[in-house]
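Everything below concerns the one structure shown next.
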Amino acid sequence: MTSTGAGELLQAEAELWCHAFGYLKSMALQCAIKLGIPNAIHRCGGAASLPELHAALPVAASKRPCLSRIMTFLAASGIFGVETPEDGEVTGVRYHLTAASRLLVEDESGSGGHACLSQLVLLIMTPIHFRASQSLADWLKDEDDAAAAETPFMAAHGASFYGFASRDAEFGACFNEAMGSDSRFVAETMVRECGPVFAGLTSLVDAGGGDGTTARAITRAFPHVRCSVLELPHVVDAAPADGTVEFIVGDMLEFIPPADAVLLKFVLHNWSDEDCVRILKQTKEAISTREPKGKVIIIDVVLGSSSCKQIREAQLSLDLCMMMLFPGKQRGEQVWHKMFLEAGFTRYKISPVLGSRSLIEVFP
Ligand SMILES: C[S@@+](CC[C@H](N)C(=O)[O-])C[C@H]1O[C@@H](n2cnc3c(N)ncnc32)[C@H](O)[C@@H]1O
């Protein structure tokens, strides 16, 4: 056995500390969103000094030194950029938005800036998710019998994720709002980059389409596509009824209304392979198999779709997130391929145009 030098041991200790304190990265980011720091920097023109932040944020005067330390931490983790004056004077330090924190700025003008992901980021950090992940080790030790919880979420909360969301109105609203913010973000890229995917369609059902944000964006961008949303009762009850899209209450495992295309955005990763095949069989029933044939449009992760380290890490984090909350998972192309064939489809096309996620067209 080779002995490890003191330098290496101390480096390893620092590495462990960084991993163990990983939750503080999440909590500092949560704090920044709750205080409105990205908005405050944006209102200052994209960069702000500490005195400007003190004037803009609801932080008690006695705690201002803590804000400075939190900003130093967030700048070190890349959420904000920092410029330090040559004289090192702390009041001269300026923090600016990075590409990531720009996504946390609300579009206050309503003039169509990019989508804001704050609600989605806050959902990821909700104590309800944390409690589920804290029961992971115990859940793994449970024998797989009838009494065992299906997921760590169930072990922690005694209900399935969507059962819990339907009973806890506050959590349900928070979840739907977060999904809506993700949908606004994805739809911006999708309608810009994927126009040909919607060419020739006259109707589309967004199965598990949440509050209808994606369906509305598709109808707005491609007025020839009439969109409806199939959802659970509590989601339809709370959905905005502006008449742009039709909402249908139903269970996608049992029936999907007929349309030229069925969209499944961020849906199949909630389900086991067996249930995905069941849902895909329903989509095949829903779309036309006569000419012109319909198609299924899936937006989900395809593991291995990118060689970018950060995208790979985001995909693996999403996979663990699914393990905590649902009987689902993220999948590589081989697994997707197998499920498509089992459901009776003959071909598919994967377009890795949505960052961590891909757009997959599946044809009968
Ligand atoms: C992860 S969310 C995705 C929502 C939306 N597609 C999006 O990306 O913003 C999955 C959605 O599926 C809905 N859902 C869950 N089970 C369902 C079922 N059996 N039938 C129809 N919808 C269901 C949930 O209510 C939830 O809105």
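The values are calculated or read from the model by the stated rules, or taken from the named source; none is laboratory data. Because the structure is predicted, anything quoted here is derived from the model rather than measured. Don't worry about glycine lacking a Cβ; one is built from the backbone with ideal geometry, like all the others, and counts go over all protein chains shown. These accessible areas exclude ligands, DNA and RNA; they are computed on the full protein's heavy atoms, side chains included. Shrake-Rupley method; radii C 1.70, N 1.55, O 1.52, S 1.80 Å.
General observations
- For the residue pairs 293/349; 284/309; 281/349, alpha carbon separations beyond 24 Å are given by 284/309.
- The chain: relative contact order in percent, alpha carbon pairs under 8 Å with at least 6 residues between: 11 percent
- Candidates 328, 304, 243: whichever shows maximal mean-square fluctuation once the chain is modelled as a Gaussian network with Cα springs under 10 Å: 243
- The figure for residue 117 is an accessible area of roughly 20 square angstrom, using a 1.4 Å probe on the protein chains alone.
- For segment 22-106, the spread of Cα coordinates along the three principal axes comes to 32, 28, 25 Å, biggest extent given first.
- Using the rule -39500 (n - 2.57) for each DSSP H run of four or more residues, divided by the residues of the chain, the 222 nm mean residue ellipticity is -14500 deg cm²/dmol.
- Point-charge dipole on Cβ atoms (K/R +1, D/E -1) for segment 22-106, about Cα centre, debye to 20: 380 debye
- Between 0 and 90 degrees, the angle of helix 6-20 with respect to the longest Cα principal axis of the chain falls at about 50 degrees.
- Structural descriptor for segment 22-106: relative contact order 36 percent, calculated from alpha carbon pairs under 8 angstrom and at least 6 residues apart.
- Under Karplus coefficients 6.51, -1.76 and 1.60, residue-wise ³J(HN,Hα) of segment 278-292 in Hz, glycine/proline x: 4, 5, 5, 5, 5, 5, 5, 5, 6, 8, 6, 9, 8, 5, x
- Note on the chain: Cα-Cα pairs beyond 29 Å make up 49% of the total pair count.
- Pairs of Cα atoms nearer than 8 Å and 6+ residues apart set the relative contact order; for segment 1-158 it is 18 percent.
- Among 51, 257, 233, the largest mean-square fluctuation in a Gaussian network model of the chain (Cα springs under 10 Å) belongs to 51.
- Under a 5 Å amide H cut-off, with hydrogens placed 1.01 Å from N, residue 263 pairs with 205, 206, 207, 297 among residues at least 5 apart or on other chains.
- Shown in residue order for segment 219-224 are the 3J(HN,Hα) couplings computed by the Karplus curve 6.51 cos²θ - 1.76 cosθ + 1.60 at θ = phi - 60°: 4, 5, 6, 10, x, 6 Hz (x for Gly and Pro).
- Angle in degrees between helix 64-76 and the longest Cα principal axis of the chain, rounded to the nearest 10: 60 degrees
- Folded to 0 to 90 degrees: helix 309-325 orientation relative to the chain principal axis, Cα: 70 degrees
- Whole-percent carbon and sulfur share, accessible surface of the chain, 1.4 Å: 56 percent
- For segment 185-363, convex hull of alpha carbons as volume per residue, Å³: 111 Å³
- In the context of the full set of protein chains, the chain has a per residue accessible area of 52 Å² (1.4 Å probe).
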